[in-house]
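The values are calculated or read from the model by the stated rules, or taken from the named source; none is laboratory data. Keep in mind that what you see is a predicted model, and the values were worked out from it rather than measured. Heads up, the Cβs are rebuilt from the backbone with ideal geometry, glycines too, and the neighbour counts pull from every protein chain shown.
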Amino acid sequence: MHTTYSHKAQLKVLKTPDATIVFKSSGNWTNNALVDANMILDQFCRTHHNVTIHWDMSNVENIDSAGVMLFINYYDLLKLNHCNIKVIGAKSEHEKMYRLLRKYTSKDTRKPADFYSVFLKPLDSIGKSSVAFILDITSFLAFVGENFVHLLYSLLHPRSIRFGAIVKNIEEAGLRAIPIVALTSFLIGVVIAYQGAVQLEKFGANIFIVDMIGISITRELSPLITAIVVAGRTGSSYTAQLGVMKLTEEIDAMRTMGFEPHRFLVLPRILALMISLPLLIFFADIIGIAAGMLISHLHLHISFTEFIHRLQSVLDIKHVWIGICKGPFFAWLIAAIGCYRGFQVSKSTESIGRYTTISVVNAIFLVIACDALFSVLLTELGI
Amino acid sequence: MSNTVIEVSDIVTRFGTNIVHDGANLSVRQGEIYGLLGGSGSGKTTLLKQMIMLLHPQSGEISVLGQKLSTISRTDSAILRRNWGVLFQSGALYSSLTVAENVGIKLREYTDLPLKLIQDIVRMKINMVGLPETAAELYPAELSGGMVKRAALARALVMDPALLFLDEPTSGLDPVGAEAFDNLILELREILDLTVVMVTHDLDSIWSIVDRFAVLGEKKVIAEGTLNEIIENPQPIVRQFFGGIRGRIRSQNGK
């Protein structure tokens, strides 16, 4: 027998002349000292059947429920193997603990996974997620419908509109987003100007940088980039805010007081974002073009006056309007998804994180999809 | 049975300008169920959190199982944390794990027991706290309030702790559930030789299971002792506590 520390649970297997086997157990049978005893017992059970065992517990110092559980496990296993076991010398308090714990053990009822369930699992999960997807879309449509009803009601009863909440949300989603939108659109302007400058310089068509920057920034890039920044910033915060309110039952409390969450929470957020996003896009247009102007000056030596003069003649006002008009559509998508996902948060804290992620991913995807739709439509219409 | 397990001496706690404790003293003895009582805001839960090293008092000393908490080393505090179980008021089960995983997490992290044995121990503890076996594979969000408390108790008990801290164990349970929970704690003390410290408002618990308790008020421990000792205490706060209708009805019925 190998040596172990005296305080660890030990088990010595001794053979007596009359063919009975004696287990001499000693040490602490507690949860952090059971590994050796477990190994010895495991080995013994694999190789012995139909034997008589005297299990001597008299030298066990301490035992806890892990130790008792180990004992119970092997006691039952040896019985199953037709062994005849007699426990001798157990201390009375250990025996009492055994008797109390014994009534709480139960048969292992878990079934191993059968072949078909393993084989069908992928199909099963595909089916489940398809159904979940369809249910998700229907419940989003229901949300949109409910929201629309409340919007109509608000329009018919303008006094019920929560102007205070709208202004507060504009400050949160619009005003406070200005620094990050400015920085992002400045960098986008720089990138476009640099990339364009390198190409245009080859043809000596330097001045066309103005057309490129003016149209691409105002019509496509600044609406898209601003919407993505806002989706990440405001969409996620809407989901998290409403999610926490749902978790702490604030929303239920509002309902019981007759404060419709749609009127008090959702509509102000959606309207606030639909007002702020176009303004942010206009702001991003200015910063983006200014960045392009700076780079054109540094890199292609086009003076500011020249740039602005050219801009006035090539940039039709319609491009700016198209860009800005996309704003409310994108804003509606972002805010509606953000609020909808917030309401989906259920009991656990983990679901806040999950739905916030889903909300941002959905919002960014839908914004890009919506932008693509605009591009196709407007081109077909010849605008 | 009179070894002191927890000794709280001259605790001072301040949150900003708000003084919560100003010289609170108490001691918990081996093997007893000790109650912390007091009105809302009297600092019961704060004191409990200081005992389990979640908060630190501005001055004063707390010693738990012979370790002084103000000067405890990292290793000693790790050992201490293994030797106690804590049941939070709202259960605080990890929401991303199933009940069985929640209960078994300390065994998995701190011992080298084989997985099979851990699962058996977990199942035994789940039976012990009176949860149905089907609850083992559920997530905390799918449990009722009473089941969350039981699962959290199973988690607190899984390492056979010497000390069990309970923060309002029966709040939010119906009277039947609360009584069953009280009996459960009594039975578990019997099996596992526990010392229990509990924060409670429940007069029934105080009558039926608490051995000794402390009443907190006026930033101090204003009374400490067994029920019979405290009920004779002339302090107005104590009188208020036991002199109300609920207290009188309860004391007429006796223990």
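Just to be sure, is B:Leu87 surrounded by 20 or more Cβ atoms within 10 Å (Cβ to Cβ) and more than 10 Å from chain A (Cβ to nearest Cβ)? It is true that B:Leu87 is surrounded by 20 or more Cβ atoms within 10 Å (Cβ to Cβ) and more than 10 Å from chain A (Cβ to nearest Cβ).
In summary, B:Asp193 fulfils each of the numbered conditions (1) more than 8 Å from every other protein chain (Cβ to nearest Cβ); (2) under 21 Å from A:Met69 (Cβ atoms); (3) surrounded by 19 or more Cβ atoms within 10 Å (Cβ to Cβ) with the single exception of condition (3). Against the list (1) crowded, with 18+ Cβ neighbours inside 10 Å; (2) within 23 Å of B:Ile52 (Cα to Cα); (3) within 14 Å of chain A (Cβ to nearest Cβ), the condition B:Glu168 fails is (3). All of (1) touching a residue at least 12 places away in the same chain (Cβ under 8 Å); (2) surrounded by fewer than 23 Cβ atoms within 10 Å (Cβ to Cβ); (3) over 19 Å from A:Leu175 (Cα atoms); (4) within 28 Å of the chain's Cα centre (by Cα) hold for A:Val345 with one exception: (2). One residue alone among A:Ala291, A:Ala240 is in contact with a Ser or Thr (Cβ under 9 Å, 6 or more places away or on another chain), buried (at least 22 other Cβ atoms within 10 Å of the Cβ) and of a type in the set (A, V, I, L, M), and that residue is A:Ala291. Entry remark, the range B:60-74: residues being under 11 Å from B:Val8 (Cα atoms) and either touching a residue at least 24 places away in the same chain (Cβ under 8 Å) or part of a helix (DSSP H, G or I) (or both) number 5 in total. Taken together, the residues in the range B:98-107 that are within 13 Å of B:Arg82 (Cβ to Cβ) and surrounded by fewer than 21 Cβ atoms within 10 Å (Cβ to Cβ) amount to 2.
Every residue, every condition in (1) under 27 Å from B:Arg155 (Cβ atoms); (2) buried (at least 16 other Cβ atoms within 10 Å of the Cβ); (3) touching a strand residue (DSSP E or B) at 6+ places or on another chain (Cβ under 9 Å), yes or no:
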position: A:Thr52; (1), (2), (3): no, no, yes
position: A:Met57; (1), (2), (3): no, yes, yes
position: A:Tyr75; (1), (2), (3): yes, yes, yes
position: A:Met97; (1), (2), (3): yes, yes, yes
position: A:Thr105; (1), (2), (3): yes, yes, no
position: A:Tyr116; (1), (2), (3): no, no, no
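Looking at B:Asp76, B:Asp10, which is the one that is closer than 24 Å to B:Asp211 by Cα, acidic (Asp, Glu) and away from every other protein chain (no Cβ under 14 Å)? Spell out the reasoning first.
Details: B:Asp76 fails: closer than 24 Å to B:Asp211 by Cα.
Every option except B:Asp10 fails the conditions.
Restricting attention to the range A:332-383, the residues being more than 14 Å from chain B (Cβ to nearest Cβ) and part of a loop (DSSP other than H, G, I, E, B) number 2. For A:Gly323, the criteria (1) more than 14 Å from chain B (Cβ to nearest Cβ); (2) out of contact with any Asp or Glu (no Cβ under 9 Å at 6 or more places or on another chain); (3) surrounded by 20 or more Cβ atoms within 10 Å (Cβ to Cβ) hold in every case but one, which is (2). If the condition is being under 14 Å from A:Met39 (Cβ atoms) and at the interface with chain A (Cβ under 7 Å from one of its Cβ atoms), then the range B:112-123 contributes B:Asp112, B:Leu113, B:Pro114, B:Leu117. Might you let me know whether the range B:50-59 holds any residue that is surrounded by fewer than 22 Cβ atoms within 10 Å (Cβ to Cβ) and either at pLDDT 90 or above or of a type in the set (Gly, Ala, Ser) (or both)? Looking through the range B:50-59, at least one residue is surrounded by fewer than 22 Cβ atoms within 10 Å (Cβ to Cβ) and either at pLDDT 90 or above or of a type in the set (Gly, Ala, Ser) (or both).
Within the range A:113-129, is there a residue that is over 18 Å from A:Gln10 (Cβ atoms) and in contact (Cβ under 8 Å) with a residue 12 or more places away in the chain? I'd like the intermediate steps shown before the answer.
Of the range A:113-129, the ones over 18 Å from A:Gln10 (Cβ atoms) are A:113-129.
So of that shortlist, the ones also in contact (Cβ under 8 Å) with a residue 12 or more places away in the chain come out as none.
No, the range A:113-129 contains no residue that is over 18 Å from A:Gln10 (Cβ atoms) and in contact (Cβ under 8 Å) with a residue 12 or more places away in the chain.
Do we have A:Ser160 as more than 20 Å from A:Gly338 (Cα to Cα), hydroxyl-bearing (Ser, Thr, Tyr), surrounded by fewer than 15 Cβ atoms within 10 Å (Cβ to Cβ) and in contact (Cβ under 8 Å) with a residue 12 or more places away in the chain here? Answer is yes for this residue.
Among the candidates B:Ala136, B:Ala151, which residue alone is part of a helix (DSSP H, G or I), out of contact with any Pro (no Cβ under 9 Å at 6 or more places or on another chain) and not basic (Lys, Arg)? Only one candidate passes the filter, namely B:Ala136. Among B:Glu109, B:Glu101, which is within 12 Å of chain A (Cβ to nearest Cβ) and part of a helix (DSSP H, G or I)? Result of the check over B:Glu109, B:Glu101: B:Glu109. For the range B:75-98, a tally of residues being touching an Asp or Glu at 6+ places or on another chain (Cβ under 7 Å) and in a loop (DSSP other than H, G, I, E, B) returns 4. Take the conditions (1) within 20 Å of B:Ile121 (Cα to Cα); (2) buried (at least 19 other Cβ atoms within 10 Å of the Cβ); A:Phe23 misses just one of them, which is (1). If the condition is being in contact with a Phe, Trp or Tyr (Cβ under 7 Å, 6 or more places away or on another chain) and within 16 Å of A:Leu280 (Cα to Cα), then the range A:328-346 contributes only A:Ala335.
For (1) surrounded by 18 or more Cβ atoms within 10 Å (Cβ to Cβ); (2) more than 14 Å from chain A (Cβ to nearest Cβ); (3) assigned to a helix (DSSP H, G or I); (4) at pLDDT below 80, each residue gets a yes or a no:
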site	(1), (2), (3), (4)
B:Gly177	yes, yes, yes, yes
B:Phe181	yes, yes, yes, no
B:Val221	yes, yes, no, no
B:Ile230	yes, yes, yes, no
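Somewhere in the range B:130-140, is a residue surrounded by 22 or more Cβ atoms within 10 Å (Cβ to Cβ), away from every other protein chain (no Cβ under 14 Å) and closer than 26 Å to A:Thr30 by Cβ? Looking for residues that are surrounded by 22 or more Cβ atoms within 10 Å (Cβ to Cβ), away from every other protein chain (no Cβ under 14 Å) and closer than 26 Å to A:Thr30 by Cβ, one finds none in the range B:130-140, hence no.
Among the helices (runs of 4 or more DSSP H) contained in the range A:225-331, which hold 3 or more residues that are farther than 28 Å from B:Ala141 by Cβ, free of Cβ contacts under 8 Å to residues at least 12 places away in the same chain and in the same structural domain as A:Arg341 (by TED's automatic domain parsing)? Quick ask: steps written out before the conclusion?
Details: elements: A:236-247, A:250-256, A:267-295, A:304-314.
Per the criteria, A:304-314.
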